[in-house]
Amino acid sequence: MDLPRIVIDLKKIENNCRVVVESCNNRGINVTGITKSFCGETKIAEVLRKGGVTYLGDARLDNLKNLQSIDIPKILIRLPMKSTAEKVVELADISLNSELDTIRELNFHAKRKEKLHGIILMLELGDLREGILEENLENFVKEILPLKNIKIMGLGANFTCYGGVIPDSKNLSKLSETAQKLNEKFQMNLEIISGGNSSSYYMLQKEKFPEGINNLRIGEAILLGRETSYGERIQGTTDETFTLQAEIVEIKDKPSVPEGNIGLDAFGHKPEFVDRGMRKRAILAVGRQDVDPEGMIPKDDGIIILGASSDHLIIDVTDCETNYHVGELIEFKLTYSALLKLMTSKYIKKHYLD
Ligand SMILES: *Cc1c(COP(=O)(O)O)cnc(C)c1O
């Protein structure tokens with residue numbers, strides 16, 4: 001067995017996906033399954049397709065390249081770099097956009113390839129990441145309409161990414177009304193009105209969604225079974241989809257406070273310690289180069305994560321019922337930040353359960 005490894009339970013992911021997609025579909029909303037947190041691995045992406053998503057979306061062209069074998073429309077969900085416009089047109093059917101220069105460049109390459117490239121215009125609704133300000137939107141659209149190889153497919157917005165702004169009936173109604181206005185003013189029919197990511201799922205469950213919103217771009221809610229406005233578990237889903245297994249390389253009783261003058265740790269922080277007396281501590285062969293220790297949830301709830309350096313994770317196992325030994329495995333469930341890093345680390349083996 002190659003360790004450390006991440007065990008990926010494809011059936012559980014597919015089940016989560018079905019639950020999320022069905023509850024969206026019941027409210028007239030289709031789903032873009034977001035694949036960036038698992039680097040566009042085709043096996044997992046294929047499971048999202050089986051689970052009923054309408055589109056696949058990723059932030060990176062390398063990942064979209066992986067997805068080419070899956071027959072489903074693909075969306076680039078990060079604003080395209082102008083310098084990569086040619087690749088964008090080749091690898092994505094649709095991209096999210098907010099800059100005219102880039103859209104002109106996409107048009108240029110789409111024309112050369114005799115393609116029609118779809119775009120979703122991003123509207124700034126308060127989170128202050130990407131998006132066109134509403135007062136500039138109509139002029140923006142006027143500039144795009146003459147570009148023959150670009151089709152404006154929709155309008156979208158992003159929440160809880162930079163500013164932590166939560167999607168609510170006010171900002172989502174704004175999105176839907178703005179789309180309606182564009183449709184009337186320019187005699188168009190915007191097909192995709194995309195009301196955010198996993199953080200919009202909370203509202204979808206609790207309240208009526210504003211009329212007109214017909215798409216969500218969802219990663220975490222499917223992969224880990226959590227909406228992300230308040231971090232609540234989604235009924236019928238599980239977070240036992242991805243499991244990290246790491247091996248114990250040392251286990252000893254040690255004092256809980258270091259001895260000597262305390263300087264900076266390996267990452268330039270001054271560490272602080274709680275004196276719990278002598279404790280049984282284990283070192284696991286996994287570290288910050290692979291994972292975000294703050295995002296790891298030990299399956300054995302007697303375990304306390306004490307800290308990590310580049311290649312070592314230090315845990316306290318004094319309160320565990322199991323008597324652990326060197327060479328044994330410790331298992332963790334993951335939050336989004338840990339999942340993202342583990343899937344990206346080349347040192348972590350990926351093991352699929354189908
Ligand atoms: C990452 C991302 C998403 C998906 O976010 P989740 O919280 O995983 O659902 C959706 N839209 C955009 C633009 C993103 O960058």
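Just one residue in the set Lys11, Lys50, Lys36, Lys43 is under 17 Å from Thr237 (Cα atoms) and touching a residue at least 60 places away in the same chain (Cβ under 8 Å); that residue is Lys11.
Scanning the stretch 264-288 for residues that are more than 36 Å from the chain's Cα centre (by Cα) and not basic (Lys, Arg) gives Asp275, Gly277, Met278.
Kindly establish whether Lys181 is of a type in the set (Lys, Arg) and touching a strand residue (DSSP E or B) at 6+ places or on another chain (Cβ under 9 Å).
Judged against the criteria, Lys181 is not a match.
Quick test for you: out of Leu190, Leu182, Leu175, Leu204, pick the one residue that is at pLDDT 95 or above and either among the basic types (Lys, Arg) or within 14 Å of the ligand (Cβ to nearest atom) (or both). Let's see the steps before the verdict.
Numbers: Leu190 fails: either among the basic types (Lys, Arg) or within 14 Å of the ligand (Cβ to nearest atom) (or both); Leu182 fails: either among the basic types (Lys, Arg) or within 14 Å of the ligand (Cβ to nearest atom) (or both); Leu204 fails: at pLDDT 95 or above.
Criteria check complete, one pass: Leu175.
Residues of the stretch 113-141 that are without any contact (Cβ under 8 Å) to a residue 40 or more places away in the chain, of a type outside the set (Asp, Glu) and touching a helix residue (DSSP H, G or I) at 6+ places or on another chain (Cβ under 8 Å): Lys113, Lys115, Leu116, His117, Ile119, Leu121, Ile132. Here the condition is being outside any strand (DSSP E or B), in contact with a Gly (Cβ under 9 Å, 6 or more places away or on another chain) and buried (at least 24 other Cβ atoms within 10 Å of the Cβ); of Ile44, Ile13, it holds for Ile13 alone. Of the set (1) in a loop (DSSP other than H, G, I, E, B); (2) more than 14 Å from the ligand (Cβ to nearest atom); (3) not hydroxyl-bearing (Ser, Thr, Tyr), all apply to Gly231 but (2).
Which of the residues that make up the stretch 68-81 are within 16 Å of the ligand (Cβ to nearest atom) and surrounded by fewer than 22 Cβ atoms within 10 Å (Cβ to Cβ)? Across the stretch 68-81, the qualifying residues are Pro73, Arg78, Leu79, Met81.
What about Glu90, is it farther than 26 Å from Phe332 by Cβ, surrounded by fewer than 17 Cβ atoms within 10 Å (Cβ to Cβ) and more than 14 Å from the ligand (Cβ to nearest atom)? Walk me through it before giving the result.
Details: farther than 26 Å from Phe332 by Cβ: yes; surrounded by fewer than 17 Cβ atoms within 10 Å (Cβ to Cβ): no; more than 14 Å from the ligand (Cβ to nearest atom): yes.
Criteria not met by Glu90.
Taking the listed residues Thr102, Thr84, the one that is over 22 Å from Glu191 (Cα atoms) and either surrounded by 21 or more Cβ atoms within 10 Å (Cβ to Cβ) or in contact (Cβ under 8 Å) with a residue 12 or more places away in the chain (or both) is Thr84, with no other qualifying.
Regarding the stretch 289-297, can at least one residue be identified that is surrounded by 19 or more Cβ atoms within 10 Å (Cβ to Cβ) and under 20 Å from Gly219 (Cα atoms)? Scanning the stretch 289-297, I find at least one residue that is surrounded by 19 or more Cβ atoms within 10 Å (Cβ to Cβ) and under 20 Å from Gly219 (Cα atoms), so the answer is yes. With the structure loaded, tell me whether Ala85 is under 18 Å from the mean Cα position of the chain (by Cα) and either within 16 Å of the ligand (Cβ to nearest atom) or more than 22 Å from Glu124 (Cα to Cα) (or both) or whether it fails that test. No.
Please indicate, with yes or no, whether at least one residue in the stretch 91-98 is touching a helix residue (DSSP H, G or I) at 6+ places or on another chain (Cβ under 7 Å), over 30 Å from Lys11 (Cβ atoms), free of Cβ contacts under 8 Å to residues at least 40 places away in the same chain and not hydroxyl-bearing (Ser, Thr, Tyr). Looking for residues that are touching a helix residue (DSSP H, G or I) at 6+ places or on another chain (Cβ under 7 Å), over 30 Å from Lys11 (Cβ atoms), free of Cβ contacts under 8 Å to residues at least 40 places away in the same chain and not hydroxyl-bearing (Ser, Thr, Tyr), one finds at least one in the stretch 91-98, hence yes. Inside the stretch 304-338, residues that are crowded, with 19+ Cβ neighbours inside 10 Å and either more than 25 Å from Met278 (Cβ to Cβ) or in contact (Cβ under 8 Å) with a residue 40 or more places away in the chain (or both) make up a count of 7. Of Lys341, Lys350, Lys346, all but one fail to be loosely packed, with under 12 Cβ neighbours inside 10 Å and under 24 Å from the mean Cα position of the chain (by Cα); the exception is Lys346. Taking the criterion of being closer than 13 Å to Lys341 by Cβ, in contact with a Phe, Trp or Tyr (Cβ under 8 Å, 6 or more places away or on another chain) and not in a loop (DSSP other than H, G, I, E, B), the residues of the stretch 287-324 that qualify are Gly295, Met296.
Could you list, in sequence order, the residues of the stretch 145-172 that are within 16 Å of the ligand (Cβ to nearest atom) and either of a type in the set (A, V, I, L, M, F, W, C) or under 22 Å from Asp101 (Cα atoms) (or both)? If the condition is that a residue be within 16 Å of the ligand (Cβ to nearest atom) and either of a type in the set (A, V, I, L, M, F, W, C) or under 22 Å from Asp101 (Cα atoms) (or both), then Met153, Gly154, Leu155, Gly156, Ala157, Asn158, Phe159, Cys161, Val165, Ile166, Leu172 are the ones that fit.
The values are calculated or read from the model by the stated rules, or taken from the named source; none is laboratory data. Everything quoted here is computed from the prediction, not taken from an experiment. With ideal geometry, Cβ positions are generated from the backbone for all residues, glycine too; neighbour counts draw on all protein chains shown.
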